[in-house]
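Take a look at the structure set out below.
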Amino acid sequence: MCGIVGAFRREGGVLDELIEGLRVLEYRGYDSVGVGLLEKGEVVVHRRAGRIEELEKLLEGQRGSEARVGIGHSRWATHGAPTDENAHPHTDEAYRIALVHNGIIENWQELKSELVRAGVVFRSETDTEVLAHLVGRELATSRSLAEALGRALERVEGYYAVAVVSGGSEPELVCAREGPPLCVAATGEAAYLASDVLALLPHTRDVVFLEDGDVAEIAPGRISIKNRETGVVERPVRHIDWDSEAADRGGWPHFMLKEIHEQPDVVARAMFERLDLERGDVILAGEAFSDARLAVVQRVQIVACGTAFHAGLVLRYMIEGLAGLPVDIDYASEFRYRSPVLSPNTLVLGISQSGETADTLAALRLATLLGATPVSICNSIGSTMVRESEASILLEAGPEIGVASTKAFVAMLVAGYLFSVRMARARGTCTKEEGRALLDDLSGVRPGLEHLLARDSVKRIRAIAEAHAGKKGFLFLGRGINFPVALEGALKLKEISYVHAEGYPAGEMKHGPIALIEPSMSTLVLVPEDPVADKVRANVEQVRARGGPVICVGSDPESLALAEDAIEIPNVGRWLSPILGVVPLQLFAYFIAAKKGCDIDKPRNLAKSVTVE
Ligand code: F6R
């Protein structure tokens, strides 16, 4: 999704820093890119459809730019095609300001008609240009750019993160937030803003996250924030531990492969300092996870999207199985538009890697409004979701750059397991000894992952993937707690290799999808050694009997023996089997996409964080 960067230096040009910032945000997906600079007090804009390299070609000869203030943007087209004209920044008619925007201005057509009637000539098809003209007009009668932006935003309905520069004798750099994320930072030498904290980390680890309604004015050594409702505000400075090196590919051909290989460490980090083996319990920060609060919970409502939704489906099995609590789960985009009825004492659990997914946030807010207690499982420490939750379990997975989520999924499952054990202990559905045994089971996960990610194992999975790469379609089957893993395997394959893949509960196969079975349709079946292993084995036989090629992934020896291709995974018990089961499916998708020459880290049409509906 769109990315914003901005910089204001005391000395020296900002162009290189803006380009570097845009590069950091590349992983989020974009189709055009641009920068707006203050060159000797004048607003100058450079923008191009396509990748950053296109912009760099345009900028050849400009790299010695002395502009000390500027903004940059990577756009993911919503209103208007990805063209040079529609790329950001946009300016007002007199080029007094340049503006970049993430989000949607819902009443843009109404505002545009009004501006056209007043004689404004539009140069793009975007909703953003409306805002540029509004700010430009307000500037004439305002004391500062921040005031002009605040006034213009009063007329806007929608969701936005915006950054604006204005020239003249005193350069100004301001930004505002209502919905999509935005953070700012200041050092003695410079000030920065970005829509993603990763773009600030090369400059500083001390960052301020803006809240909805905030307008911030930044300059070297200074951040001033005014909120629409409360006036001047001080927002806390948060120290980010993430290493900017972690956002580097470090020799791997793709971030996705790097992140798949990080998973043994990710699992260890998600558990770090959270296991209380003595008491057979889990330590989770936050009053909402205390015995007293969890003991009265009557229902859990999970809301999430995409891969996080699949993690939520796994969590339903864990929470119901371990803590005996009813769990409802909805796609966040569906939850928000039905009329959900929540029972009293409902805990609403939002799951999200980014913590900024618009639908998940809206669903969490709706459930909170209906009386539920909001908690979350999230990877981004300063995200909106974390800030709006009463308590959160942070994934500690580090930045996930590959658009197709891998390590965050695995970390969500670990966090969900810890949450389920905590819930079970608080509600007395498991004893200290049983709690201890459940936590002991975790000790097999990291070595199991290391085994799966060892060179020979990866080589074997690669060979199987390449042998099936030419198939016309793929069916992924799983049962019980591994059914969501089948959904996740199919999602990974379709999003990065663009082949059709469907995930199905194995037991549903004979109710329809069995009609698809033929030699050009490969079926991947998750076959853990668990109470439903014999039922899944029957599915494997049904596919084989109809001439369909089968790949079995799991620890059930009898099923593995039936398949022509088998990927054995260590047995870590029923509840934890999805954590290992998903890894061969991630690698399978990766190697098929690589064989097809797809752009794995930036799959077409996809954005890393979907901050609009
Ligand atoms: C799939 C993928 C998406 C996200 C979904 C939710 O690989 O990455 O389906 O899982 O957009 O994103 P978060 O977890 O940031 O809320």
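Values for this structure:
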quantity: Boolean, VAL266 is surrounded by 18 or more Cβ atoms within 10 Å (Cβ to Cβ), within 16 Å of the ligand (Cβ to nearest atom), of a type in the set (A, V, I, L, M) and in a strand (DSSP E or B); calculated: no
quantity: Subset of region 50-82 (residues that are more than 24 Å from GLU172 (Cα to Cα), of a type in the set (D, E, K, R) and more than 24 Å from the chain's Cα centre (by Cα)); calculated: GLU53, GLU54, GLU56, LYS57, GLU60
quantity: Which listed residue is closer than 28 Å to GLY12 by Cβ, surrounded by 17 or more Cβ atoms within 10 Å (Cβ to Cβ), touching a residue at least 12 places away in the same chain (Cβ under 8 Å) and in the same structural domain as SER32 (by TED's automatic domain parsing), from GLY64, GLY72; calculated: GLY72
quantity: Test: residue in region 476-491 that is surrounded by fewer than 17 Cβ atoms within 10 Å (Cβ to Cβ) and assigned to a loop (DSSP other than H, G, I, E, B); calculated: no
quantity: Considering residues of region 83-100 that are within 24 Å of the chain's Cα centre (by Cα) and either free of Cβ contacts under 8 Å to residues at least 24 places away in the same chain or assigned to a loop (DSSP other than H, G, I, E, B) (or both) only, the residue nearest to ALA148 (Cα to Cα); calculated: HIS88
quantity: So ALA563, is it in contact (Cβ under 8 Å) with a residue 24 or more places away in the chain, within 16 Å of the ligand (Cβ to nearest atom) and either surrounded by fewer than 23 Cβ atoms within 10 Å (Cβ to Cβ) or among the polar types (S, T, N, Q) (or both); calculated: no
quantity: Unique match (being within 16 Å of the ligand (Cβ to nearest atom), under 19 Å from VAL583 (Cβ atoms) and of a type in the set (A, V, I, L, M)) among ILE329, ILE302, ILE260; calculated: ILE260
quantity: Out of VAL282, VAL296, VAL266, VAL237, sole residue that is in contact (Cβ under 8 Å) with a residue 24 or more places away in the chain, among the β-branched types (Val, Ile, Thr) and closer than 18 Å to VAL348 by Cβ; calculated: VAL296
quantity: Only one of GLU400, GLU390, GLU434, GLU450 that is out of contact with any helix residue (DSSP H, G or I) (no Cβ under 7 Å at 6 or more places or on another chain) and farther than 14 Å from ALA270 by Cα; calculated: GLU434
quantity: From the options GLU125, GLU147, GLU110, GLU114, residue that is in a loop (DSSP other than H, G, I, E, B), out of contact with any strand residue (DSSP E or B) (no Cβ under 8 Å at 6 or more places or on another chain) and either farther than 13 Å from VAL162 by Cβ or among the basic types (Lys, Arg) (or both); calculated: GLU125
quantity: Looking only at region 587-613, and only at residues there that are among the β-branched types (Val, Ile, Thr) and within 12 Å of the ligand (Cβ to nearest atom), the one that is farthest from GLY402 (Cα to Cα); calculated: VAL612
quantity: Unique match (being in contact with an Asp or Glu (Cβ under 9 Å, 6 or more places away or on another chain) and not in a strand (DSSP E or B)) among GLY80, GLY64, GLY103; calculated: GLY80
quantity: Tally, over region 338-354, of residues that are modelled with pLDDT of 95 or more and either touching a Leu at 6+ places or on another chain (Cβ under 7 Å) or within 16 Å of the ligand (Cβ to nearest atom) (or both); calculated: 6
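The values are calculated or read from the model by the stated rules, or taken from the named source; none is laboratory data. Because the structure is a prediction, the values reported are computed rather than measured. Ideal geometry is used to build each Cβ from the backbone, glycine not excepted, and the neighbour counts take in all protein chains shown.
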